[in-house]
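Read-outs: derived from the displayed coordinates by stated rules, not from any lab. As the structure is a prediction and not an experimental result, all values here were calculated from the model. Note that each Cβ is placed from the backbone with ideal geometry, even for glycine, and that neighbours are counted across all protein chains shown.
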Protein chains: 2
Amino acid sequence: MNESRVKAKTHTYPVYIGENLRYQTDQYLPKSFSSIFIITDETVAAHYLQDVQKSLANETIFSCTIPAGEQSKNIDTFYHLHTKAIEYGLDRQSLIIALGGGVVGDVAGFVAATFMRGIDFIQMPTTILAHDSSVGGKVAINHAQGKNLIGNFYAPASVIYDVQTLHTLNDHELRSGYAELLKESLLADKELYHSLIITDLSFLTSDKLIEQLTRGIDIKAEIVEIDEHESGVRKYLNLGHTLGHALETILGYGSWTHGELVAIGLLFAIRVSEKTYAIQLPYEQLYTWLKDNDYPLQLPYIDPAEILAKMKKDKKTLNTTIQMVLLQDIARPALMEISDKKLLNYLYDFQIEMKQRSE
Amino acid sequence: MNESRVKAKTHTYPVYIGENLRYQTDQYLPKSFSSIFIITDETVAAHYLQDVQKSLANETIFSCTIPAGEQSKNIDTFYHLHTKAIEYGLDRQSLIIALGGGVVGDVAGFVAATFMRGIDFIQMPTTILAHDSSVGGKVAINHAQGKNLIGNFYAPASVIYDVQTLHTLNDHELRSGYAELLKESLLADKELYHSLIITDLSFLTSDKLIEQLTRGIDIKAEIVEIDEHESGVRKYLNLGHTLGHALETILGYGSWTHGELVAIGLLFAIRVSEKTYAIQLPYEQLYTWLKDNDYPLQLPYIDPAEILAKMKKDKKTLNTTIQMVLLQDIARPALMEISDKKLLNYLYDFQIEMKQRSE
């Protein structure tokens, strides 16, 4: 088992990464609690809720299962979970455990952040993608008019990451998580990048997962330690997300996962970086790896003006120029304003290139 | 004008207390903001919203008026204010101003704490009672099953306290605010106590208000600086509230204000202190002052068992003994567990005594 430590403004917390940790949850509690409220979703509950409940047999535990999927990050689920917390008699010495992926982590974390003005919570991520969201203390629900608009910065008491739970992920979720790992490696770690780019997603071992996830979490932790509230370098974590988020909004959720669209966004960011800095980056290598690992790289053609409009709406910066995270080299990120005109051209060229390649 | 400073965990903020500050709001902004969203209630809007808007004529301002009263501290108002903030295009560099009493401060503060994971907000209290809630960073809304159950600790960027706005308060609100001032003096400041106990509420001058409010805020600030998240000495601020809150729940809101019931709670806490420590405290003096200033001291008889049940429900400690804040002397508070049996007796005796006196 690996242990990382993340320094938040309020406290430092451990991230445990290993196999079968869910059978020993009690051993990773930072202190004793008056009661424990496990929040999970239907999919995860079917696989792992009982394991966690059994491992906490000596504690006073309650649990609540919410529907799986992004639509659970709404104000009604938030209020419903507060109602349950009150009915179960939670108090300030209680703990909330978020057992699941990013959605469960975000909503359960926000409930913990606001129940009686904040009680402890533990993230137990069950997806690869959630290695990213479980570290850094961003918790939120969506507003009907935009994602993650209502939330807090609220660091967990600890993160317990049982990589065994990742073996039940489907291929889409696997690819989604690895796109974020790739992003982290491109931002900060050539060695991790070289390890990832030779990884075959159809033959993942627990050892490899533990090693790569630990490194990904360390990178994320280093960045959020410097800039917890996202006024500076934390923005680098948006590498690949400028286009990725816009595509998510346009294409809707379902056919592509978050990370699959981020992967396309990474390709785009690399292409723009090459043009902006007149350098060569491993675009070909990344493209080939994504293709070999069955990432969906064929998109319908979308009017660049529509993409640009969504990019601006996403950042609520309708009147200003888009700031993209670019790479001057692997592990050398930079923020760069790209004029609308240039961006429209890049988007057009990129789509043509992607289309030609896939033919 | 007086200026106090409050040290929160995240930052130190100024509290400006003086006359006619609302006409110069722009001069008290800590920095420039991309836009300003003023949240107020119907009553306050009718008196003061225009003044504040005019003083911010050079800024991009928006405003929203919520219904006056405790019922506005609900999840629907909270979400509605988020919707408005999005529609008005607020971003992370925007400011929310809470112009009003405790209700407006609590709900607007919680919106600020959660909009895009937290933007700056300024408290502009318009009641005496709100001198207490505007300092200390507690923001919240109510859950249908209990007060202030959903919220954050989130300190304001500053507090701008225009005592001129206090002259439009009705007598109930005046008495309500002075009860909290009395509480603070009993906790920490004999001099303030002696000043308050000779104050005639029908002849309040702005100078006297500024002087006494400044001292009250300083006391509050000293306590919350030591214990922002209420794990220790901040509990002292509950002096008078153990009974006060229980009476609020039983009698409902309307006939008595929060502070008027806290005043009765203070008398009770003093009586229990005298019995517990076998000492004499200025019970008679306080009773006389409350009576002279027309505090409503006649309550209907309530079964002590019912009061005790509400006290336990209020603190969510159904199975444990009630902890009361007592006084070993003026400015010498202490926490003390009181057995159910003793408490029932004290409540019975206190009610009989109050009834006999009022006859």
Review point. For B:54, B:73, what's the fewest-to-most ordering of other Cβ within 10 Å of each Cβ?
Key: B:54, B:73
Check your understanding: If you bin the C-alpha pair distances of region B:171-358 every 5 Å from 0, what whole percents do you get?
Key -> 1, 8, 17, 22, 21, 17, 10, 4, 1, 0
Check your understanding: What span do the alpha-carbon atoms of region B:116-178 cover on each of the three principal axes, reported in whole Å from largest to smallest?
Key -> 36, 30, 16
Practice item. Calculate, for residue A:345 and residue A:145, the FRET efficiency according to 1/(1 + (r/R0)^6) with r their C-beta to C-beta distance and R0 22 Å; round to the nearest 0.05. Key: 0.15
Practice item. Considering Cα pairs under 8 angstrom that are at least six residues apart, work out the relative contact order of region B:171-358 and quote it in whole percent. Key: 26
Study note, to complete from the structure: Gyration tensor on Cα atoms of chain B, a ≥ b ≥ c root eigenvalues, a/c under 1.5 rounded, else prolate if a/b beats b/c, else oblate, says prolate
Revision key, fill the gap. Computed over region A:2-168, the relative contact order (Cα-Cα under 8 Å, seq sep at least six) in percent reads 27
Review point. Where does each of A:344, A:99, B:49 land when they are ranked from fewest to most other beta-carbon atoms within 10 angstrom?
Key: A:344, B:49, A:99
Exercise for review: Between residue A:335 and residue A:26, with labels modelled 7 Å along Cα→Cβ, what's the label distance in nm to one decimal, could you check?
Suggested key: 4.8
Revision key, fill the gap. Taking a ≥ b ≥ c as the square roots of the Cα gyration tensor eigenvalues, with a/c under 1.5 meaning rounded and otherwise prolate when a/b beats b/c or oblate if not, region B:47-107 comes out oblate
**Study point:** Proxy reagent accessibility, fewest Cβ within 10 Å first, across B:311, B:116
**Key:** B:116, B:311
Exercise for review: Express in whole angstrom the spacing between the alpha-carbon centres of region B:39-62 and region B:163-226.
Suggested key: 26
Study note, to complete from the structure: Applying the span-like rule to chain A (DSSP H, Cα extent along axis at least 24 Å, Kyte-Doolittle mean at least 0.5) gives A:258-277
Check your understanding: Just from its helices, what would the mean residue ellipticity at 222 nm be for the protein assembly as shown, if runs of 4 or more DSSP H residues each count -39500 (n - 2.57) and the sum is divided by every residue, rounded to the nearest 500 deg cm²/dmol?
Key -> -13500 deg cm²/dmol
Revision key, fill the gap. Using alpha-carbon positions, the gyration tensor of region B:266-316 gives root eigenvalues a ≥ b ≥ c; with a/c under 1.5 called rounded, otherwise prolate if a/b exceeds b/c, else oblate, the class is oblate
Study note, to complete from the structure: About its Cα centre, region B:171-358 carries a charge dipole, from +1 on Lys and Arg Cβ atoms and -1 on Asp and Glu Cβ atoms, whose size in debye to the nearest 20 is 720
Practice item. Compute the FRET efficiency between residue A:195 and residue A:358 as 1/(1 + (r/R0)^6), taking r as their Cβ-Cβ distance and R0 = 30 Å, and round to the nearest 0.05. Key: 0.65
Review point. Among residues other than residue A:112 whose Cβ falls under 12 Å from its Cβ, what is the net charge (Lys/Arg +1, Asp/Glu -1)?
Key: 0
Check your understanding: Once label points are set 7 Å from the Cα along Cα→Cβ at both residue B:293 and residue B:205, what is their separation, rounded to one decimal in nm?
Key -> 1.8
Check your understanding: What does the average come to when, for each residue of peptide B:150-156, you count the partner chain Cβ atoms lying within 10 Å of its Cβ?
Key -> 4
Point to revise | Theoretical gain in end-to-end length, residue A:84 to residue A:231 [0.36 nm per residue, Cα-Cα removed] | key: 49.4 nm
Point to revise | Projected label distance in nm at residue B:19 and residue B:251, using a 7 Å step from Cα toward the beta-carbon | key: 3.5
Exercise for review: Let me know the charge dipole size of region B:2-168 about its Cα centre in debye, to the nearest 20, where only the beta-carbon of Lys, Arg (+1) and Asp, Glu (-1) is charged.
Suggested key: 540
Study note, to complete from the structure: Protection proxy (average C-beta count within 10 Å per residue), highest first, orders B:257-270, A:152-165 as B:257-270, A:152-165
Review point. Quick one: which of B:183/B:291; A:31/B:138; B:183/B:341; B:138/B:235 span more than 19 angstrom between C-alpha atoms?
Key: A:31/B:138; B:183/B:341
Point to revise | Calculated Rg and Dmax of the protein assembly as shown using C-alpha coordinates, Å | key: 28.5, 96
Exercise for review: Please sort by residue number the chymotrypsin sites (Phe, Trp or Tyr not before Pro) in region A:288-351 whose DSSP state is loop and whose Cβ has at most 16 other Cβ atoms within 10 Å.
Suggested key: A:301
